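S.K.: The following block contains the structure, expressed as structure tokens.
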């Protein structure tokens, strides 16, 4: 063990003799500058292109229901159920159009919209539930405001953080659950 101590002491003293505080500070400054420049180096941005900001986009595979009565790609903003949605689509975040991703909790407080299904031309009442508990998923952002009302009618306003009824108020993504068929006005 004494030999190891002598060896370590010799190495340490050699480094101390061959370097100065200024050279150490210069080396640390160069390392910090290099670390700051590293993120701007050219790298493949394929994952950033498929993140789907603005409705899916990129190379994301379509998510279809397989039911001709429920047409459309569930990862795209133009999917019929998303007519009043504002947020990240749970179908792109590990969940589905009606279920939250694992590790998140569906908010019991929602906003609603009425969307027309192009397959049967009927209007459906859609409950938009936020999934809460994990940080924002950041994929497939949609902001459609059909039928959006001012904040004085909060049940029809999509700009509110609806995670108030959950353990965590951290927003992750939004679902679009059909809760019924809209009736014709009398």
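The values are calculated or read from the model by the stated rules, or taken from the named source; none is laboratory data. Every value quoted in this text rests on a predicted model; they were computed, and no experiment measured them. Virtual Cβ from ideal backbone geometry, glycine too; neighbours counted across all protein chains shown.
S.K.: Of the conditions (1) assigned to a loop (DSSP other than H, G, I, E, B); (2) under 16 Å from residue 178 (Cβ atoms), residue 63 satisfies every one except a single condition; which number is it?
M.R.: Of the numbered conditions (1) assigned to a loop (DSSP other than H, G, I, E, B); (2) under 16 Å from residue 178 (Cβ atoms), the odd one out for residue 63 is (2).
S.K.: Just checking, does segment 78-98 include any residue being within 15 Å of the chain's Cα centre (by Cα) and free of Cβ contacts under 8 Å to residues at least 24 places away in the same chain?
M.R.: The answer is no; no qualifying residue exists.
Okay, residues lined up against (1) modelled with pLDDT of 90 or more; (2) within 10 Å of residue 142 (Cβ to Cβ); (3) not in a loop (DSSP other than H, G, I, E, B):
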site	(1), (2), (3)
71	no, no, no
81	yes, no, yes
94	yes, no, no
99	yes, no, no
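S.K.: Just give me the residues in segment 67-83 being closer than 12 Å to residue 178 by Cβ and in contact with a helix residue (DSSP H, G or I) (Cβ under 9 Å, 6 or more places away or on another chain), in sequence order.
M.R.: Listed by number, the list holds a single entry, 70.
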